[in-house]
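Working notes, structure below.
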Amino acid sequence: MKRAITICLFFVIFLMWGTTGSAIPLDLSTFTAQPGVSESGGVITFTEDPLLSSIWFYNDSFLVPNDAVSLSFDYSLTIGALNNDYLVAVINSTDYAMEIGGHNSSDTDAMTLAGYYEIDFNSYRGQTISLAFGLESNDFSPQSTAVIQNLDLAAVPEPSTIILLGIGFLGIMGIQRRKLFC
């Protein structure tokens, strides 16, 4: 019996302090795309415009859910030869939550940077913020492109869900114990 209780307690503690409970795809239909930016099927594509110093995909009234922990996504940035460009994520117009890129000193080859990024949303829970993704260019050579995809909001599981899972696990352990002694 003590062993079953120990296992149950470990299970409940693991659920409570484990990883985030769920990931929900970000609803991109509430965002606005400037010229040079397109969105299709959850994939945001940026194509550098020589007439603009930056192009944006943004939502100025993004409500961060109360249980949100982070926003994660995959990115790819191809910086053209002799370009100095950045792929950015900006919160409330001033907080650069992500800034990937820089100067490509090659005069012939493009440079590609790709990876996974996660933005901490704990301090923004329940708030309406401005959330923007952009391609900032510091040159007049339109050779850079970027893609952001698989945008997911991670949420903390609700305490009631954890309690129900713990009670269910205790019930299973009780049934197993009963079978052992019958």
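If you check I172, I163 for being surrounded by fewer than 17 Cβ atoms within 10 Å (Cβ to Cβ), out of contact with any Asp or Glu (no Cβ under 6 Å at 6 or more places or on another chain), part of a helix (DSSP H, G or I) and modelled with pLDDT of 70 or more, only one passes: I172. Just for the stretch 11-31: of the residues that are part of a strand (DSSP E or B) and open to solvent by 60 Å² or more (accessible area, probe 1.4 Å), which one is modelled with the highest pLDDT? Here the answer is P25.
Quick one: would you say N138 is within 20 Å of F73 (Cα to Cα) and open to solvent by 60 Å² or more (accessible area, probe 1.4 Å)? Criteria not met by N138.
Of all residues in the stretch 69-90, those being open to solvent by 20 Å² or more (accessible area, probe 1.4 Å) and either touching a Gly at 6+ places or on another chain (Cβ under 7 Å) or outside any loop (DSSP other than H, G, I, E, B) (or both) number 7. In summary, N66 fulfils each of the numbered conditions (1) open to solvent by 20 Å² or more (accessible area, probe 1.4 Å); (2) modelled with pLDDT under 95; (3) at positive phi with the single exception of condition (3).
Which of the residues that make up the stretch 96-118 are of a type outside the set (G, A, S), in a loop (DSSP other than H, G, I, E, B) and open to solvent by less than 60 Å² (accessible area, probe 1.4 Å)? Within the stretch 96-118, N104 is the sole residue that qualifies. Residues considered: S93, S130. Of these, the only one that is open to solvent by less than 40 Å² (accessible area, probe 1.4 Å), under 19 Å from A33 (Cα atoms) and of a type in the set (S, T, Y) is S130. Answer with yes or no whether T45 is buried (at least 16 other Cβ atoms within 10 Å of the Cβ), out of contact with any Leu (no Cβ under 8 Å at 6 or more places or on another chain) and at pLDDT 95 or above. It is true that T45 is buried (at least 16 other Cβ atoms within 10 Å of the Cβ), out of contact with any Leu (no Cβ under 8 Å at 6 or more places or on another chain) and at pLDDT 95 or above.
The values are calculated or read from the model by the stated rules, or taken from the named source; none is laboratory data. Since we're looking at a predicted model, the values are computed, not measured. Glycine gets a Cβ as well: all are built from the backbone with ideal geometry, and neighbour counts include every protein chain shown. Quick note on the areas: whole protein, heavy atoms, side chains included, nothing else; ligands and nucleic acids left out. Shrake-Rupley method; radii C 1.70, N 1.55, O 1.52, S 1.80 Å.
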